[in-house]
Structure formats: C-alpha cells, structure tokens
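Nothing in this text is a laboratory measurement; each read-out follows from the coordinates by a stated rule. What you see is a predicted model; the values in this text were computed from it and never measured. Heads up, the Cβs are rebuilt from the backbone with ideal geometry, glycines too, and the neighbour counts pull from every protein chain shown.
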Amino acid sequence: MKFGVIIFPGSNCDHDAYWTIQHVAKQPVTFLWHESHDLENCDAVIVPGGFAFGDYLRTGAIAKFSPVMESVRRFADSGGLVLGICNGFQILCESGLLPGALMRNVGLKYVCKPVQVRVENSDTPFTNTCRGGEVLTIPIGHMEGNYFCEPGILEQLQRDNRIVFRYCEPSGVTTPLANPNGSLDSIAGICSPGRNVLGMMPHPERSAEPELGGVDGVKIFQSMVGALVSR
C-alpha cells in the first residue's frame, strides 16, 4: 500500500504527516504536489494542516482549485481513503467532499493545546482500532475550527452516524467548556456518506509518538493501514 501527502504553498504539517506514515505506521509514502493531477497510484491521500495559500479569502478557498484536488475528488468518488487534518478539513469542506464550513473560533483567538475528543463512530476506516465512546487526547492548533452547517445537514450527519469525533471532557462528557472553538454540536470530525473521507480538526500526527507527549493519534493511522490491508 502507498500513502500520499499533498503539499500546498503554506502547508506546514505535511512533513509531520509524512514522518508519521513512514516511521510510525511504517508504510510507503510520497509527497503529492498541488499543481499535479497525478496521485501516483496512492491508496490513501492525506490533506495536511497548515495555511494553504496563506488562508487568503478564507481557509481552503484557493486550495480547492488546485489541480491535485480534482484528482482527489475523483479518487474519493471511487472509494479512495482521504484524510483531511485541520486546514485539510477546511479544504475538504470548500471542495464539497464534506458538508459544512469551518468558521472563526468563538472568542476570535488562535487555540493551540491538547484536547479530548470522544470517538462517536468506530466503524470507519479511520477509527476501526478505537472503541465507540473512547476518549482520545489529541492536540489542536487553529483559528478557524468552529464547525457549522445548516440544520438539515446536521440532522443528516446525526442520523447517518457521520459525526466521528466530538470535543469532550476527559470523562467523555460533552460540555461547552470542553468545546475549544464553539463548534456546532461539539463536532471535531465528520466523514462522508461512504465513510471513506474524514475531516478532523485535531492533529493525530502530533500525538503519534511518546516524545510528543501522547500516542492516541497513531490509532487513526493504524486504522487506515488496517482498512487498506482488509480491502
């Protein structure tokens, strides 16, 4: 199997994701340039965090026009695994691969700290090594992480069990205090109807080794590897 990590102008977590795939998940990985249509026969694509195109206009608004995203859309439509982390989540929403939008944090401040997220759906290619209701500690680092969607979309996400992560207290209880950005329904991550596209604001690549202070994030990558092996 082979992973691809996209590089946009302004990406700053691309090498982190690459390192995690190569040295922690121990899988072949390559960088994918934003101006290329070629996904190089990758079996999974990671849209990393950072500030693609400086977040001009709004987060992800310019990145969605990159040639590589046309290929990512086709790849996702065919069932390919796509993980969008932080800015990557924003890009996936702008590109129409996931519904909703990420707005400015409540309080209008950049937030960078470890948070707890509860696994709402363990039946996805990204969470199959987790237990339903399990609480993971994973860092965030964003200014626009406030997830919003129309009421009808939220109903659909809830009904179809497509909310994958919610911000919570260490005990697993969701509270306004545990929600670091004001996200609707404490949403920290959602998936596509086919469950093959996941967008999440927390950075699992920043919690994949003991030296980083935690290893809960590695479960996301282990789940992806397991899902690809079983295909």
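For the chain, the number of Lys pairs with C-alpha atoms closer than 22 Å, counting only pairs eight or more positions apart or on separate chains, is 4.
Here the contact order of the chain, divided by its residue count and restricted to Cα pairs under 8 Å and six or more residues apart, works out to 20 percent. Among 161-169, 102-110, sorting by the average number of other beta carbon atoms lying within 10 angstrom of each residue, highest first, gives 161-169, 102-110.
Distance between the C-alpha centres of the range 31-49 and the range 185-223: 19 Å, rounded to the whole angstrom. Result for the chain in a Gaussian network model with C-alpha springs under 10 Å: among GLN27, GLN116, GLN90, the largest mean-square fluctuation is at GLN27. Helices from the chain with mean Kyte-Doolittle at least 0.5 and a Cα length along the axis of 20 Å or more, per DSSP H: which? Flagged H segments: there are none. In units of the compact-protein estimate 2.2 N^0.38 Å, the range 3-229 shows a Cα radius of gyration of 0.91. Highest mobility in the GNM of the chain, judged by mean-square fluctuation with C-alpha springs under 10 Å and restricted to CYS191, CYS112, CYS93, is found for CYS112. Length gained on full extension, ASN12 to ASN161: 50.5 nm, using 0.36 nm per residue less the C-alpha separation.
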